[in-house]
1. What number, rounded to the nearest 500 deg cm²/dmol, is the helix-based mean residue ellipticity at 222 nm of the chain, given -39500 (n - 2.57) per DSSP H run of at least four residues and division by all its residues?
2. Distance between Cα centroids, the range 51-89 to the range 146-180: provide it in whole Å.
3. Given a Förster radius of 45 Å and the C-beta distance between Arg75 and Val39 as r, what FRET efficiency does 1/(1 + (r/R0)^6) yield to the nearest 0.05?
4. Take each uninterrupted DSSP H stretch in the chain, measure its Cα extent along the helix axis, and return the ones at 20 Å or beyond whose mean Kyte-Doolittle hydropathy is at least -1.0.
5. If the chain between Ile88 and Glu11 were fully stretched, how many nm would it gain, using 0.36 nm times the residue separation less the Cα-Cα distance?
6. Let's see if you can work this out: charge +1 on each Lys and Arg Cβ, -1 on each Asp and Glu Cβ, no other charges. What is the dipole magnitude of the chain about its Cα centre, in debye to the nearest 20?
7. Heavy-atom accessible area of Val126 with all protein chains present, probe 1.4 Å, nearest 10 Å²?
8. Say each of Val158 and Ile47 gets a label point 7 Å from the Cα, pointing the same way as Cα to Cβ; how far apart are those two points in nm?
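The values are calculated or read from the model by the stated rules, or taken from the named source; none is laboratory data. Computed from a predicted structure; not experimentally measured. For neighbour counting, all protein chains shown are included, and Cβ atoms are generated from backbone atoms with ideal geometry for every residue, glycine included. To get the accessible areas, we keep the full protein, side chains included, count just its heavy atoms, and leave off ligands, DNA and RNA. Shrake-Rupley method; radii C 1.70, N 1.55, O 1.52, S 1.80 Å.
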Amino acid sequence: MIRINLLPHREERRRQRRKQFYVLSGMMVALGALIGVLVHTIYAGYIGEQEARNAFLKSEIAKLDEQIAEIRRLREQIDALLARKQVIESLQGTRAQTVHLFNEIAQAMPEGVYLKSAKQNGQRVVLVGYAQSNARVSHLMRNVDASPFLEQPSLVEVKSATVNNRRVSEFTLGMSIEQPKQNEAAPQKK
């Protein structure tokens, strides 16, 4: 019988398979590395884009914060100006009040009553004076009550006093200034 030695052929085939295995393994490793690098590059691009967007948003937010601070500062200035305007309007509205008050007091003053002092604290006025009798003080109170500008006359005190060797009544009278109503003030302007 003839013997054929297939060992070198098998050995050759094993070497080819081993070589093919190493080549395929190397290609797989290279392909895996290529895929890894590709995925890393894609994710790095996404991350870079997102960081660029975040930086843009941060810069825009900083600009908006500056604008908001400017708006707040302007609103504070507006509020301060409005407060000043209201003070000026209230002063303009009451600038003739003193003249009107003295006019009303002069009209309400009966004969025989003399004022020593007049003091105003806000809307409250206190008159101190002399009268020839208590009836004249009462007449003054009725005149004040009838005045459209003055209201709530209240007698604080009446006492006897002597002025220039004459016996008189010294009185202290309190009253309030009535603010004109808006609908009454409008026809007066016309």
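1. Helix contribution divided over all residues of the chain: -23000 deg cm²/dmol.
2. Between the Cα centres of the range 51-89 and the range 146-180 lies a distance of 56 Å.
3. That gives a FRET efficiency of 0.30.
4. Values: long enough: 7-94 (126 Å, -0.29).
Qualifying helices: 7-94.
5. Details: separation 77, 0.36 × 77 = 27.72 nm, distance 11.27 nm.
Full extension from Ile88 to Glu11 adds 16.5 nm.
6. The dipole of the chain has a size of about 1580 debye.
7. Result for Val126: roughly 50 Å² accessible.
8. The answer from the label model is 9.9 nm.
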